[in-house]
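Just below is one structure, and these are the notes that go with it.
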Amino acid sequence: MVKERLKEEVELKLGKKIINRGDCQLLSDLIFEQQKKQISYNTLRRFFKVDKNADHKPSSQTLNVLSKFVGHANYFSFTSGEPSKASWELQNELFYYLDQLDTTKLQNFLISCRIQKAPNLIELLTVCFRELLLSKNYKAVHDISQSKGLNLFGLSYSERVQFGRSVGLVMRKINIPKKELIALAENNVFLEMVFLIFVDYSSLNVSHSNYIRLIEYVSAGAVKLKRKDQLFFECLSYLRKLLIGEPLPNLTIRPSNNLHPILYSRVCSVLIIQNSFSKSSNASILEGIAKKMQSRALNKMDYIFELITTALLLRDFELMSFVVNSEAYAEGKLYQEAHLQQLIVVKTMLHIKRGAPIKAKKNLLHINKKGWGRSYFDIYDLFLLVINYEMESDSANKKKIMHDYLKKVKQLNYSFFNKNYLLDYFK
């Protein structure tokens, strides 16, 4: 039955079965971010038979919205299967232009896809930029990224995040020459779309990685950046020193009102880390964030985005409580699944700390590793192992979890994490 197939594809994209109200609310939030259309969790609850007693025939609007969520133009297109064929044709055309090495034709093709609102536009853009970087065609990367007709800055926030994370992954596999790396950092579009979105927390100990080299170039003044972008790399350098066990500098930076919410959060996070070592109060920092969260600003939850990971890293349960309480300001709209997933980890930690194992176990059911941002993945895998170790009662299973944890620690090679970090997390 077609509607059942639509349910399966929605769940496949979501990465989990839709079995309760929380799952319906998550899907509702993601649809709102993608399409700017509100579909209530009650409608979804009835469609996915979460309410077993509901006798509900979905409206054409509901079917169209869900079909668009899985990459189709509407429900009719979903039933006909034509979007898949169209997507394949566009992919074939993209590879044809990439093979021709004609930047102008490639750029015009992508602009055409943008104008026609191709449902797989982000996939096409991602593949294109990854291929150009792998083939070391840096000129084409600059020409296409800065194309006014393509207008990458005009993509939605979620689309930009998806693009940045996907292109950022390939940065792990290539060694960009110094001249070209600096040029990419000074390319405002590439900087905003990739470097400032994909922060590779798994590779901050790799001396030859593009990110570490770029931090060094920025620190040496070899890269011409705006002050706010310099601030980003200063914060990243500080976090790196924490993880690899280098002496931490005394920071004199302050969060200013003109910063992007995530950068504001990053600045506050490194100041909180500094305060944790000097035993200073975080009251003024948290008051400033609370004011931001109470404002009418869009994407308010971005103001705590970096605080989530910082609270977990520092084992700061007071900060975790602040983060969880801040969720009330989201007005039910946690527009990124990665954001929601990170909050679930925090809530689980708090339940364990407060002696509520049943609530912690219920929370674990909602953890979906597919929803984790790839740049954070290995770090959050460690946090999940910490949770599982604390909740496990069988000694043999605890030993296995300990083995997996130490294996992951060795892989990451950050001195910040060790055996005692696991054993003492909740002490």
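The values are calculated or read from the model by the stated rules, or taken from the named source; none is laboratory data. Computed from a predicted model, the values in this text were never measured in an experiment. Quick reminder, even Gly has a Cβ in these numbers, built from the backbone with ideal geometry, and neighbours come from all protein chains shown.
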If you go through region 397-427 one residue at a time, how many are among the aliphatic types (A, V, I, L, M) and either at pLDDT below 95 or under 23 Å from the mean Cα position of the chain (by Cα) (or both)?
2
Of the residues in region 211-235, those that are more than 20 Å from residue 263 (Cβ to Cβ) and touching a residue at least 12 places away in the same chain (Cβ under 8 Å) come to 213, 222
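Can you find a residue in region 9-28 that is modelled with pLDDT under 80, part of a helix (DSSP H, G or I) and more than 24 Å from residue 114 (Cα to Cα)?
yes
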Subset of region 95-130, residues of a type in the set (A, V, I, L, M), at pLDDT below 90 and surrounded by fewer than 17 Cβ atoms within 10 Å (Cβ to Cβ), comes to 101, 115
Any idea which of 64, 42, 92, 53 is in a helix (DSSP H, G or I), surrounded by fewer than 13 Cβ atoms within 10 Å (Cβ to Cβ) and not small (Gly, Ala, Ser)?
92
Within 24 Å of residue 339 (Cβ to Cβ) and either among the acidic types (Asp, Glu) or touching an Asp or Glu at 6+ places or on another chain (Cβ under 9 Å) (or both) - does that describe any residue in region 128-147?
no
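Condition test on residue 277, is it in a helix (DSSP H, G or I), of a type outside the set (S, T, N, Q) and in contact with a helix residue (DSSP H, G or I) (Cβ under 7 Å, 6 or more places away or on another chain)?
Working: in a helix (DSSP H, G or I): yes; of a type outside the set (S, T, N, Q): yes; in contact with a helix residue (DSSP H, G or I) (Cβ under 7 Å, 6 or more places away or on another chain): no.
Answer is no for this residue.
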Does residue 31 satisfy the criteria of being touching an Asp or Glu at 6+ places or on another chain (Cβ under 9 Å) and either crowded, with 19+ Cβ neighbours inside 10 Å or not in a helix (DSSP H, G or I) (or both)?
no
May I ask you to list the residues in region 125-147 that are among the acidic types (Asp, Glu) and either over 15 Å from residue 104 (Cα atoms) or without any contact (Cβ under 8 Å) to a residue 40 or more places away in the chain (or both)?
131
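Find the helices (runs of 4 or more DSSP H) located wholly in region 149-242 whose residues include 3 or more that are more than 19 Å from residue 270 (Cβ to Cβ), among the aliphatic types (A, V, I, L, M) and not assigned by TED's automatic domain parsing to the domain that holds residue 415, and list them.
Details: elements: 157-170, 178-186, 210-219.
Here the list reads 157-170, 178-186.
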Please give the number of the condition residue 391 fails out of (1) surrounded by fewer than 16 Cβ atoms within 10 Å (Cβ to Cβ); (2) over 27 Å from residue 246 (Cβ atoms).
(1)
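Restricting to helices (runs of 4 or more DSSP H) lying wholly in region 301-399: which have 1 or more residues that are of a type in the set (S, T, N, Q) and touching a residue at least 60 places away in the same chain (Cβ under 8 Å)?
Details: elements: 305-314, 317-326, 337-353, 357-364, 377-391.
Fully inside region 301-399 and qualifying: 305-314.
For every residue, the table says whether it meets (1) touching a Gly at 6+ places or on another chain (Cβ under 7 Å); (2) crowded, with 17+ Cβ neighbours inside 10 Å; (3) within 25 Å of residue 212 (Cα to Cα).
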position	(1), (2), (3)
132	no, yes, yes
136	no, no, yes
139	no, no, yes
143	no, no, no
153	no, no, no
158	no, no, no
162	no, yes, yes
166	no, yes, yes
171	no, yes, yes
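Which residues, taken from region 195-210, are among the aromatic types (Phe, Trp, Tyr) and in contact (Cβ under 8 Å) with a residue 40 or more places away in the chain?
Quick first cut of region 195-210, residues among the aromatic types (Phe, Trp, Tyr) only: 195, 198, 201.
Matches in region 195-210: 198, 201.
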Of all residues making up region 176-192, the number that are polar (S, T, N, Q) and farther than 16 Å from residue 143 by Cα:
0
